[in-house]
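Written out below as structure tokens is the structure these notes cover.
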Amino acid sequence: MRHTAVVHGTGEAAGAWAATLEGAGVRVYRAAGDLLDEASVQAEMDGVAAAAGGVDIAVVVPVREDVDGVRLVDATVADVVRPVVARLASACIGATIAARLMARQGSGLVLVLDDGVGPAGAAVAALVRVLDAELTPARRPLPAGPAHVCHGGRVRQYRRRTVLGIWVAAAAPMALLAWVVAPAVGSPSSPRFPLALFAVEVAGLLWQGVLALALVAWERRAAPDLRVRDALWLRAPVDRAGRRRGRLWWWLVPFLVAYGVLQVLPVELPAPSGHSFGEFLTSDAAREALPGAWGLLALVVLGQLANTVVGEELLFRGLLLPRMRGAFGRADWVANGVLFGLYHVHMPWSIPGAVIAGLLFAYPTRRFRSAWMGIAIHSAQSVVVVAIVMALVIG
């Protein structure tokens, strides 16, 4: 996938970077707006992001002014301060607008080209250090130099074949467990076969959690300062400006309602006899097998945690979704939801509903960059299942 860069500023440095990036095959947009006009810079950046599906690199060359030949002994305070303010303000406007965009995307790179000399250079360097501390897990000072770097997200971006490879690593074991292992350990004609099927599938769900954590551990070998919670988006939801706001949790309500409505809509195909755990819970076999079966209740609780926290959500929304923007652009959440639905080859009759559910989980997760959004919505089903099983166990 071809990367996109925006170069703000004029002069030899801006031209050299634009030429270098173009030579590397990057699509380069030269921003024409005044770096001291915040509205203009914002509109230009938003326009490029909308047209290209995102911005991977932003290069900011701060405005350089002088005192227009006025001798220092004859200069006013305004004469001396003006170039310092212009340099700092242009760096601040260009870098913060780009950084907000990178934070929304979950990845990207901001380069602020400044020599760091003098009071203005020191102020620019301090500005970039603050942005770097806010946007990356590392809290180490940046090295001094002519090009200060600010990362807008540290998770790597997967290629499509990598995404599909991880999808296969999740879907294939579940299919094998459902269609080969479960019939080998229990007769499909038995009224209690859904229990055997559920038990073996728990192993597949736990494997997904192990897979997600192993891939993050591998990623951290190259970026040891990347925290696991940041790598898997296990953090509170944030708005488009990257700010945490408690009221964002209220966005769960419409998605929970939509997920609840989905459960009663006839979007799934008929399940083969003995393969639906939901049907089993309403059967005479469940009323005979579950009273007093506290061990089965523990298995169901483990299975639901594996389903909506440790397994599917950790893999699809925690690991994959933050790393799909590079391959799928702004449709990453759509691709994530579709892949989640198609992953249900172990219960293919549920795929239509699972695709819709996947979209309900993926959109708020991407919108607020928090895997807890998808986990919370998906867990609503788990709460109901555990409550039903507990009622049957208590008898």
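The values are calculated or read from the model by the stated rules, or taken from the named source; none is laboratory data. This one's a predicted model, so the numbers in the text were calculated from it and none came from an experiment. So basically every Cβ, Gly included, is an ideal-geometry build from the backbone, and we count neighbours across all protein chains shown. These area figures cover heavy atoms from the full protein model, side chains too; ligands, DNA and RNA do not enter into them. Shrake-Rupley method; radii C 1.70, N 1.55, O 1.52, S 1.80 Å.
Scanning the stretch 90-121 for residues that are modelled with pLDDT of 70 or more, farther than 22 Å from R243 by Cβ and in a helix (DSSP H, G or I) returns a single hit, S90. For the stretch 1-17, filtered to residues that are free of Cβ contacts under 8 Å to residues at least 60 places away in the same chain and open to solvent by 60 Å² or more (accessible area, probe 1.4 Å), the residue that is farthest from G94 (Cα to Cα) is R2.
Residues checked against (1) open to solvent by less than 20 Å² (accessible area, probe 1.4 Å); (2) farther than 30 Å from T96 by Cβ:
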| site | (1), (2) |
| --- | --- |
| Q157 | no, no |
| W167 | no, yes |
| P173 | no, yes |
| A182 | yes, yes |
| S189 | no, yes |
| F193 | yes, yes |
| L197 | yes, yes |
| E219 | yes, no |
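Picking from residues in the stretch 36-65 that are more than 19 Å from the chain's Cα centre (by Cα) and part of a loop (DSSP other than H, G, I, E, B), the one that is surrounded by the most Cβ atoms within 10 Å (Cβ to Cβ) is P62. Answer yes or no as to whether V310 is under 18 Å from M174 (Cα atoms), of a type outside the set (S, T, N, Q) and out of contact with any Asp or Glu (no Cβ under 7 Å at 6 or more places or on another chain). Spelling it out, V310 is indeed under 18 Å from M174 (Cα atoms), of a type outside the set (S, T, N, Q) and out of contact with any Asp or Glu (no Cβ under 7 Å at 6 or more places or on another chain). Exactly one residue out of L339, L360 is more than 13 Å from the chain's Cα centre (by Cα), under 14 Å from V163 (Cβ atoms), of a type outside the set (G, A, S) and in a helix (DSSP H, G or I): that is L339.
With a requirement of 1 or more residues that are free of Cβ contacts under 8 Å to residues at least 40 places away in the same chain and among the aliphatic types (A, V, I, L, M), the helices (runs of 4 or more DSSP H) lying completely within the stretch 229-300 that satisfy it span 252-264. Scanning the stretch 244-255 for residues that are surrounded by 11 or more Cβ atoms within 10 Å (Cβ to Cβ) and among the basic types (K, R) yields R244, R245. Residues in the stretch 148-174 that are modelled with pLDDT under 70 and under 15 Å from the mean Cα position of the chain (by Cα): G152, G153, R154. Considering only residues in the stretch 221-259 that are modelled with pLDDT under 95 and of a type in the set (G, A, S), the one that is nearest to S370 (Cα to Cα) turns out to be A236.
Of the residues examined, L21 is not one that is modelled with pLDDT of 70 or more, open to solvent by less than 60 Å² (accessible area, probe 1.4 Å), within 19 Å of L109 (Cα to Cα) and in contact with a helix residue (DSSP H, G or I) (Cβ under 6 Å, 6 or more places away or on another chain).
Is there a residue being over 25 Å from A199 (Cβ atoms) and either under 14 Å from the mean Cα position of the chain (by Cα) or of a type outside the set (A, V, I, L, M, F, W, C) (or both) anywhere in the stretch 295-306? No - not one qualifying residue is present in the stretch 295-306. Within the stretch 312-337, residues that are over 15 Å from L360 (Cβ atoms) sit with their Cβ atoms under 8 Å from residues that are modelled with pLDDT under 95 and of a type in the set (K, R), at 6+ positions apart or across chains, in these pairs: P322/R369; R323/R156; G326/R159; A327/R159; A327/R160; F328/R160; D332/R325; D332/R366.
Reported count of residues in the stretch 177-205, each being assigned to a helix (DSSP H, G or I) and without any contact (Cβ under 8 Å) to a residue 12 or more places away in the chain, is 3. In the stretch 367-386, is there at least one residue being modelled with pLDDT under 95, open to solvent by 40 Å² or more (accessible area, probe 1.4 Å) and part of a loop (DSSP other than H, G, I, E, B)? No, there is no match, as no residue in the stretch 367-386 is modelled with pLDDT under 95, open to solvent by 40 Å² or more (accessible area, probe 1.4 Å) and part of a loop (DSSP other than H, G, I, E, B). When the stretch 18-34 is limited to residues that are in contact (Cβ under 8 Å) with a residue 12 or more places away in the chain and in a helix (DSSP H, G or I), the one that is farthest from I93 (Cα to Cα) turns out to be L21.
Against the definition (closer than 19 Å to Q157 by Cβ and open to solvent by 30 Å² or more (accessible area, probe 1.4 Å)), how does R227 come out, yes or no? Here the answer is yes, as R227 does meet what is asked. Only one of the listed residues (G318, G337, G292) is more than 19 Å from A231 (Cβ to Cβ) and open to solvent by less than 10 Å² (accessible area, probe 1.4 Å). That residue is G337.
Could you list, in sequence order, all residues of the stretch 24-35 that are surrounded by 18 or more Cβ atoms within 10 Å (Cβ to Cβ) and β-branched (V, I, T)? Matches in the stretch 24-35: V28 only.
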